[in-house]
Amino acid sequence: MSGSTKSIYRVRQLVGNDGAIVTEVSEDDDRVAGYAHAKEVRNARVRLGGVDSFWLATDVKTGRKFSPSKEDTTPALFPSSSATSSLIGRIKGGSGLDFTSPFSDIAKSSKMEGISFGTAIRLPVAIGPGSRTHEDVVHDLREGKLAVDIRSTVAAIEVRPNVFMISGFVRRSNGQYALAGNTGLRAVRTVAIVGKVETTRLASGIIVFSAQPKWTAETETDLRSNDEILASAERWLGRLRTAASMSDGDMGRSPVDFLRSLAAAAVAAEEKEDLESALHVLSGRSEILDLLPKLMERDEEWRSRLQLFENAEHDRLRAEIKARLTEQVAQEASQLAELRAQIIDAEGRVATLAHREVMLRNETEQHDARLKERIEDAARAVSRASLDATDRLRQEVAQLREELEMTNKSAPSDDVSSIPSVQLDIPAALATAVRLSPVVTEKDRVHVLRELASSTGLSLADLVAVLLHSTEDVPVLVGDGSAGIAADIATAIGGDAAAIVFCDPTHVSFADLLRDEAAGLRCAVDAAKENPNIIVPVALCGLTNGPCEYWLPQIVEMRRIGRIPSNLALIASAGIDGLRVSVPKSVLRYLFPILVSRTEIAEKVGYVGSWKPFITDATLIQNAVRILRSKSIDAALISQTADLLARVPMAMAEEQVQIATSLLAEQKWIAAWRDGADHDLIQHFQNLGN
């Protein structure tokens with residue numbers, strides 16, 4: 001099978017219930033000689049268009065040849081009776097119509113090549129001059145004898161180059177076209193084609209448009225020849241001479257001649273069209289138009305009247321321009337007054353904003369001062385507590401030494417090995433203080449963050465987002481090697497003070513987690529209590545390996561209300577395979593999941609010192625709000641997210657935009673567990689058995 005792009009086909013004969021014989025239309029082949037190239041198409045839409053309908057077909061494919069069959073023969077228009085046959089004969093003879101088709105014998109006697117159309121669009125057609133002239137078309141239309149070899153109706157008739165009639169004509173019973181009853185050639189409504197539309201002009205006078213043309217507004221056109229128009233103008237000249245010869249007091253003529261003169265001097269409404277056509281023809285003769293002003297300038301009376309008219313017109317134009325200028329000046333004055341009022345209003349608003357900015361700056365400075373005072377008070381309180389504990393320890397050690405010396409003096413002959421061992425009851429706070437190193441500088445903390453990002457495979461923005469969420473909710477690292485990544489982050493921040501808790505089905509309650517001495521959760525909680533200015537991290541590895549709904553909400557809520565120190569940072573992990581426990585929807589609200597992947601064991605980042613908690617920097621609040629407003633964020637989250645974004649270390653202020661993008665991932669997670677929206681990580685927390 002073969003196919004083509006686009007072709008125009010003409011329906012020549014109807015076959016069966018859904019078939020038609022068509023021929024391809026071209027400007028070079030518009031005669032019966034092209035009948036040998038007729039093809040048959042099975043298309044109900046084309047068949048409904050009828051004989052002599054034109055179609056733009058795409059994706060034309062040739063197929064098998066159709067053989068004639070009795071079932072495909074076109075049903076007769078009338079029953080085969082003698083009375084009906086004679087009636088058809090009388091209709092043919094009286095109207096001149098021919099119902100036969102030169103393709104009837106071809107459809108009955110030969111096998112015809114079949115084609116199929118991908119799409120078929122019916123095209124509008126018009127009548128044009130073909131091999132004749134436009135004057136011939138107008139003449140035949142005027143005589144009611146405009147005929148064309150087409151049975152379907154046409155959309156327009158071309159009466160001038162690119163000038164068409166789309167109304168004002170009728171098709172008679174014999175298939176010929178004529179002007180409508182009330183349509184005259186002096187004022188025919190015509191239109192033109194807007195834009196460029198491809199046409200196919202056949203020698204028979206048929207014009208096929210490639211698309212539905214857009215017409216201009218109708219205008220009145222005189223379709224008469226120039227000779228007819230000039231003859232009409234000559235008749236008008238005779239009437240003008242008659243009208244000019246009349247005088248008001250001339251009653252010497254007979255009444256009949258006087259009435260004829262009056263009739264010649266009067267103009268009917270329909271006769272004005274002759275005058276307009278004559279003027280239109282005469283306007284093309286520029287020599288006469290150029291000569292008339294020169295002839296009229298010689299008349300003194302005409303020059304005086306023309307001067308009076310020019311003076312009156314100048315006065316009228318001057319008054320009109322002055323009135324317009326006055327009106328425009330009034331409008332501009334009102335607009336200027338309105339603009340001045342708007343400027344005054346804007347200046348007032350600017351002054352108000354400036355005043356508010358000054359008040360906000362003063363409040364911010366006072367807030368910073370209060371924060372600094374509270375931090376200093378807290379530092380002094382911690383220092384005093386540490387000094388008091390150290391003094392008590394020194395006193396206990398000195399007292400212990402004195403007791404040992406007294407014991408040695410009272411029993412000098414006893415063996416040293418017989419002295420009972422003294423168990424020193426060292427407080428847990430002292431033990432924790434021994435493990436905690438001095439606070440690292442901002443530069444060292446940023447250096448550790450960059451090394452952690454390289455070691456764990458997380459982006460620096462995602463890593464900072466995890467640490468910012470660790471003291472607010474529970475960030476969860478999901479993926480291969482997530483447990484090791486969570487442990488590395490906790491160890492790099494907290495050192496030996498970090499708690500590494502592996503969740504399993506045996507840890508059902510918070511008390512079970514505290515009893516796990518190897519994990520060190522109890523020591524981490526105590527260290528966080530004794531050192532509120534230090535971050536104490538806890539890694540909850542394998543969060544979905546056990547029923548976390550019995551203890552995770554308890555930890556987060558107790559930390560929120562202050563029963564557990566707020567500087568206890570929680571970093572969890574969740575695997576993607578093995579036996580896991582589904583997390584309820586009520587617990588998902590505490591989580592902040594981030595996808596990670598690390599298949600190889602990486603070198604652990606060294607612990608360089610303790611970290612201070614991330615504190616909101618008031619100077620970064622406004623920049624954080626500006627960044628968040630430039631992104632798509634829920635209004636309910638902008639305050640919380642801006643507070644987190646303002647805690648970014650000052651050395652990483654330039655990376656606030658990337659960190660804000662990572663923090664906004666929480667918005668998509670909230671929509672997933674709250675509204676049931678799609679999320680790539682929800683499958684690792686719920687419906688794990690499916």
Of Lys6/Lys39; Lys585/Lys668; Lys372/Lys612; Lys145/Lys214; Lys372/Lys529; Lys372/Lys443, which pairs sit farther than 19 Å apart, going by alpha carbon to alpha carbon?
Lys145/Lys214; Lys372/Lys529; Lys372/Lys443
In 10 Å bins starting at 0, how do the alpha-carbon pair distances of segment 593-679 split up by percent?
14, 37, 31, 17, 1
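Pop out the Kirkwood hydrodynamic radius of segment 606-649 from its pairwise C-alpha distances, inverse of mean 1/r, in Å to one decimal.
Working: mean 1/r = 0.0867 Å⁻¹.
Computed over segment 606-649, the radius equals 11.5 Å.
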Sorted from largest to smallest, which semi-axis lengths in Å does the alpha carbon gyration tensor of segment 482-631 give for its equivalent ellipsoid, taking the root of 5 times each eigenvalue?
25, 20, 18
Counting only C-alpha contacts under 8 Å and six or more residues apart, can you give the relative contact order of segment 156-205 as a whole percent?
32 percent
At Leu230 and Leu393, where each label point lies 7 Å from the Cα along Cα→Cβ, what is the point-to-point distance in nanometres?
12.9 nm
Could you tell me the convex hull volume per residue, in Å³, taken over the Cα atoms of segment 111-244?
150 Å³
In percent, what relative contact order does segment 568-690 have, based on Cα pairs under 8 Å that are 6 or more apart in sequence?
38 percent
Determine how large the accessible area of Ile638 is when every protein chain is in place; take a 1.4 Å probe and give Å² rounded to the nearest 10.
40 Å²
Using the Cα atoms as the points, what is the convex hull volume per residue of segment 113-175 in Å³?
136 Å³
If you average 1/r over every pair of different alpha-carbon atoms in segment 307-395 and take one over that average, what Kirkwood value in Å do you get?
20.7 Å
³J(HN,Hα) across segment 213-218 via Karplus (A = 6.51, B = -1.76, C = 1.60, θ = phi - 60°), whole Hz, x for Gly/Pro?
x, 9, 9, 7, 5, 5
Please list, in chain and number order, the residues 5+ apart from Val581 or on another chain whose amide H is under 5 Å from its amide H, with Hs placed from the backbone.
Asn545, Gly546
Taking all pairs of different Cα atoms in segment 487-543, averaging 1/r and flipping that mean, what Kirkwood radius in angstroms comes out?
11.5 Å
Taking only the alpha-carbon positions of segment 630-690 as identical scatterers, the Debye log10 I(q)/I(0) at q = 0.23, 0.24 Å⁻¹ comes out as -0.95, -1.00
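The values are calculated or read from the model by the stated rules, or taken from the named source; none is laboratory data. Not measured: the values here are computed from a predicted model. Methodologically, a virtual Cβ is constructed for each residue, glycine included, from the backbone with ideal geometry; neighbour enumeration extends over all protein chains shown. Each accessible area value is taken on the protein alone, full model and side chains, heavy atoms only, with ligands, DNA and RNA left out. Shrake-Rupley method; radii C 1.70, N 1.55, O 1.52, S 1.80 Å.
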